[in-house]
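Peer 1: Sending over a structure as structure tokens; questions will come in a sec.
The values are calculated or read from the model by the stated rules, or taken from the named source; none is laboratory data. What you see is a predicted model, and the numbers here were worked out from it, not measured in a lab. Here the Cβ is made from the backbone with ideal geometry for all residues, glycine too, and neighbour counts use every protein chain on show.
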Amino acid sequence: MIPVDFKERMKSYLGEKEYDDFLSSFDNDERYHSLRVNTLKCNGEDLKSKLLYIEKEVPWEEKGFYYEDAQPGKHPYHEAGLYYIQEPSAMAPVHFLDPKPGEKILDLCAAPGGKTTQIASYMNGEGILVTNEINRDRARILSLNVERLGIKNALVLNEDSAHLSEVFEGYFEKILVDAPCSGEGMFRKNDNAGDEWSLENVRACAVRQKEILSNAAKMLLPGGRLVYSTCTFSADENEETIFDFLFNNPDFHVVKVEKTGGIENGRKEFISDELFDRYASIDSGRADKCKEAVADSLRLWPHKLKGEGHFLCVLERDGELTRENVSSYVPGGRNIAAKPECTKVFEAFVKENISFDKKSFEIKRGRMVCGLKGGRSLNGLIYMFGDQLYLCPEDMPSVNGLKVMRGGLHLGTVKKDRFEPSHALALFLKSEDVCLYKDYPSDSSEIKSYLNGQTMKITDDTLDAASNQVKKDSKGWVLITTDSYSIGWAKAAGGMLKNHYPKGLRINY
């Protein structure tokens with residue numbers, strides 16, 4: 001049920017003709033479904049050859065693909081983290097953020113993780129990605145998605161923006177603020193979304209968004225880029241929020257970007273006369289300039305492209321961003337390396353179970369250099385979080401004083417004189433990175449049994465001697481893969497594979 005107040009407001013925005021087209025898009029039964037390939041694990045061409053229902057590319061995201069008449073969320077590839085199911089319009093903000101390997105990037109309002117995992121794929125495991133969600137339950141979901149997609153350089157937090165602005169002032173090169181909003185872009189795909197909508201809630205969201213955006217601005221370096229986005233159509237939460245921000249932050253400007261796929265400019269005429277006059281009474285020249293700049297924000301309208309709708313604005317802070325002014329300062333100081341007795345049991349695990357280049361392996365004072373046979377690396381600082389062992393970039397901000405859900409790559413648990421690897425480590429590794437693995441076809445009953453938590457029997461005993469696939473007489477940790485993509489751990493003993501797929505993730509097919 002679409003609220004009457006919403007209809008009246010949109011009609012006043014768009015005028016009779018365009019309003020009719022806009023409203024007709026809500027009556028259209030056609031929904032646009034898409035997924036985005038996780039390039040940390042595979043590439044688009046590989047996935048397209050395996051999932052034949054993947055169709056045309058999303059115009060503003062080359063790794064995003066539309067699909068129809070399929071349930072990719074129930075495929076083993078989903079559990080292996082090969083893709084993220086994401087609404088097509090929602091892929092646009094990260095495209096315009098333009099993340100790059102080695103940068104320090106913040107995703108401030110990140111759950112459930114679509115944009116965070118998209119940023120991570122652009123970063124390719126290099127740099128610092130701080131991803132935050134104020135709601136603890138949603139932050140847990142965010143952390144699980146970071147794990148599922150095999151991301152090693154993310155610090156997942158459960159904080160409010162005000163506290164973060166104190167800790168990370170002037171730290172980030174790029175920031176995404178996908179602000180919590182009234183969710184008008186959800187009306188098409190969620191029949192109950194309209195029941196929770198009201199003009200009062202729209203105004204309340206706008207107040208909160210201004211506060212979040214102001215806090216985000218404090219954390220951006222001069223010359224840095226900030227993308228603000230929402231999945232709503234309200235000018236209060238979009239053009240007017242940007243107008244307000246520009247007027248009160250004269251060291252920021254809107255960046256003109258190249259549009260594609262039906263994306264249009266924002267509409268300065270949506271700014272109310274009341275708001276404009278209020279700021280014009282303070283400084284009419286600046287008010288005029290800010291209003292003109294709002295026209296360079298972007299709108300994704302559901303009646304003009306294949307998506308549910310989005311708003312975004314690309315902002316930059318005045319100044320020059322160079323490697324010299326990207327501070328080497330680490331907020332909170334660096335993390336403290338794990339004690340030798342903890343790294344020793346992990347080192348033993350690595351030597352027994354990981355296929356690494358012996359010429360490029362060392363753990364010294366908690367710092368690990370480990371070149372994997374598959375060509376990637378496990379380099380960084382090993383530190384303890386309770387009894388859990390993590391690997392993080394050496395300059396990742398300290399976890400002390402922050403509500404942390406995940407700090408880098410979770411390696412596993414230290415249990416007295418032994419080490420038990422984590423599910424996150426399994427999802428990061430590939431078959432060529434381990435001494436033992438077992439591959440099951442994605443359409444097999446065996447992989448379904450594994451994801452259900454069942455113990456598996458080892459049937460292969462005549463494999464080629466050069467193969468690392470587990471045999472009946474094998475012992476130790478085994479990486480389970482599906483069509484060569486890692487999906488979890490098992491432990492081999494006595495011709496059986498004891499299942500270590502996490503109980504909370506198990507699936508009944």
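Peer 1: With surrounded by 15 or more Cβ atoms within 10 Å (Cβ to Cβ) and over 21 Å from L372 (Cβ atoms) as the only criterion, which of K475, K498, K457, K448 stands out? Give the derivation first.
Peer 2: On the way: K475 fails: surrounded by 15 or more Cβ atoms within 10 Å (Cβ to Cβ); K498 fails: surrounded by 15 or more Cβ atoms within 10 Å (Cβ to Cβ); K457 fails: surrounded by 15 or more Cβ atoms within 10 Å (Cβ to Cβ).
The match here is K448.
Peer 1: So which residues in region 96-106 are assigned to a helix (DSSP H, G or I) and either crowded, with 22+ Cβ neighbours inside 10 Å or at pLDDT below 95 (or both)?
Peer 2: Answer for region 96-106, where residues must be assigned to a helix (DSSP H, G or I) and either crowded, with 22+ Cβ neighbours inside 10 Å or at pLDDT below 95 (or both): just L97.
Results for (1) outside the structural domain of F252 (by TED's automatic domain parsing); (2) in contact (Cβ under 8 Å) with a residue 60 or more places away in the chain; (3) closer than 18 Å to A111 by Cα, shown as yes or no for each residue.
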{"residue": "S161", "(1), (2), (3)": "no, no, yes"}
{"residue": "L176", "(1), (2), (3)": "no, yes, yes"}
{"residue": "S182", "(1), (2), (3)": "no, no, yes"}
{"residue": "K189", "(1), (2), (3)": "no, yes, no"}
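Peer 1: While we're here: Enumerate the strands (runs of 3 or more DSSP E) found wholly within region 233-319, keeping only those where 1 or more residues are among the charged types (D, E, K, R) and more than 27 Å from G194 (Cα to Cα).
Peer 2: Ranges flagged: 310-317.
Peer 1: Mind listing whichever residues of region 195-208 are among the small types (G, A, S) and either outside the structural domain of D244 (by TED's automatic domain parsing) or under 14 Å from E8 (Cα atoms) (or both)?
Peer 2: The one that is among the small types (G, A, S) and either outside the structural domain of D244 (by TED's automatic domain parsing) or under 14 Å from E8 (Cα atoms) (or both): S198.
Peer 1: Can you give me the number of residues within region 474-505 that are assigned to a strand (DSSP E or B) and of a type outside the set (V, I, T)?
Peer 2: 15
Peer 1: Moving on to the next point. Would you check which residues across region 255-273 are modelled with pLDDT of 95 or more and within 24 Å of the chain's Cα centre (by Cα) and list them?
Peer 2: Within region 255-273, V255, V257, I263 qualify.
Peer 1: Further question: It is to be established whether one or more residues within region 38-53 are crowded, with 24+ Cβ neighbours inside 10 Å and within 15 Å of the chain's Cα centre (by Cα).
Peer 2: yes
Peer 1: Test each condition in (1) at pLDDT below 95; (2) touching a Phe, Trp or Tyr at 6+ places or on another chain (Cβ under 7 Å) for G332 and report the one that comes out false.
Peer 2: G332 satisfies every listed condition except (2).
Peer 1: Same structure again: Here is a list of conditions, (1) in contact (Cβ under 8 Å) with a residue 60 or more places away in the chain; (2) surrounded by 21 or more Cβ atoms within 10 Å (Cβ to Cβ); (3) more than 30 Å from Y329 (Cα to Cα), and L505 meets all of them except one; can you say which number that is?
Peer 2: Condition (2) is where L505 drops out.
Peer 1: A further question on this structure: Of the residues in region 211-231, how many are farther than 19 Å from E320 by Cβ and either among the aliphatic types (A, V, I, L, M) or touching a strand residue (DSSP E or B) at 6+ places or on another chain (Cβ under 7 Å) (or both)?
Peer 2: Residues flagged as farther than 19 Å from E320 by Cβ and either among the aliphatic types (A, V, I, L, M) or touching a strand residue (DSSP E or B) at 6+ places or on another chain (Cβ under 7 Å) (or both) within region 211-231 amount to 8.
Peer 1: Take region 25-56 and flag every residue that is among the hydroxyl-bearing types (S, T, Y) and in contact with a Gly (Cβ under 9 Å, 6 or more places away or on another chain).
Peer 2: S25, Y32, S34
Peer 1: Ok, one more. Considering (1) of a type in the set (A, V, I, L, M); (2) touching a Gly at 6+ places or on another chain (Cβ under 8 Å); (3) under 20 Å from T481 (Cα atoms); (4) at pLDDT below 95, say which one L427 fails and leave the rest.
Peer 2: Exception for L427: condition (4).
Peer 1: Still on this structure: Quick check on my filter: what residues within region 107-132 are buried (at least 24 other Cβ atoms within 10 Å of the Cβ) and either under 20 Å from G380 (Cβ atoms) or of a type in the set (S, T, N, Q) (or both)?
Peer 2: T116, T117, Q118, I119, A120, L129, V130, T131, N132
Peer 1: In this structure, is S89 closer than 19 Å to I119 by Cβ and in a helix (DSSP H, G or I)?
Peer 2: Details: closer than 19 Å to I119 by Cβ: yes; in a helix (DSSP H, G or I): yes.
So S89 fits the description; yes.
Peer 1: Let me ask another. Name the one entry in P101, P93 that is over 14 Å from the mean Cα position of the chain (by Cα) and not assigned by TED's automatic domain parsing to the domain that holds S484.
Peer 2: After applying the criteria, what remains is P101.
Peer 1: For region 310-327, indicate whether the set of residues that are surrounded by fewer than 18 Cβ atoms within 10 Å (Cβ to Cβ) and either on the phi > 0 side of the Ramachandran plot or in contact with a Pro (Cβ under 6 Å, 6 or more places away or on another chain) (or both) is non-empty.
Peer 2: Yes; the residues of region 310-327 include at least one that is surrounded by fewer than 18 Cβ atoms within 10 Å (Cβ to Cβ) and either on the phi > 0 side of the Ramachandran plot or in contact with a Pro (Cβ under 6 Å, 6 or more places away or on another chain) (or both).
Peer 1: Another question, then. Just one of (1) among the small types (G, A, S); (2) exposed (fewer than 14 other Cβ atoms within 10 Å of the Cβ); (3) more than 27 Å from the chain's Cα centre (by Cα) trips up G375, so point out which.
Peer 2: (3)
Peer 1: Among the residues of region 405-423, which ones are within 16 Å of A139 (Cβ to Cβ), touching a helix residue (DSSP H, G or I) at 6+ places or on another chain (Cβ under 8 Å) and not charged (D, E, K, R)?
Peer 2: Scanning region 405-423 gives M405, H410.
Peer 1: Still on this structure, I have one more. Considering only residues that are among the small types (G, A, S) and within 15 Å of A338 (Cα to Cα), look in region 386-419 and name the one that is surrounded by the most Cβ atoms within 10 Å (Cβ to Cβ).
Peer 2: Residues of region 386-419 that are among the small types (G, A, S), as a first pass: 386, 398, 401, 407-408, 412.
Now restrict to residues that are within 15 Å of A338 (Cα to Cα): 386, 398, 407-408, 412.
Numbers: G386: 7, S398: 19, G407: 22, G408: 26, G412: 21.
The extreme case among them is G408.
Peer 1: Here is a follow-up. If you go through region 61-82 one residue at a time, do you hit one that is touching a residue at least 24 places away in the same chain (Cβ under 8 Å), of a type in the set (S, T, Y) and in contact with a Gly (Cβ under 7 Å, 6 or more places away or on another chain)?
Peer 2: Looking for residues that are touching a residue at least 24 places away in the same chain (Cβ under 8 Å), of a type in the set (S, T, Y) and in contact with a Gly (Cβ under 7 Å, 6 or more places away or on another chain), one finds none in region 61-82, hence no.
Peer 1: Which of the strands (runs of 3 or more DSSP E) found entirely inside region 396-470 contain at least 3 residues meeting this: over 28 Å from N158 (Cα atoms)? Before the answer, list the steps.
Peer 2: Details: elements: 404-407, 409-415, 418-421, 437-440.
Qualifying strands (runs of 3 or more DSSP E): 437-440.
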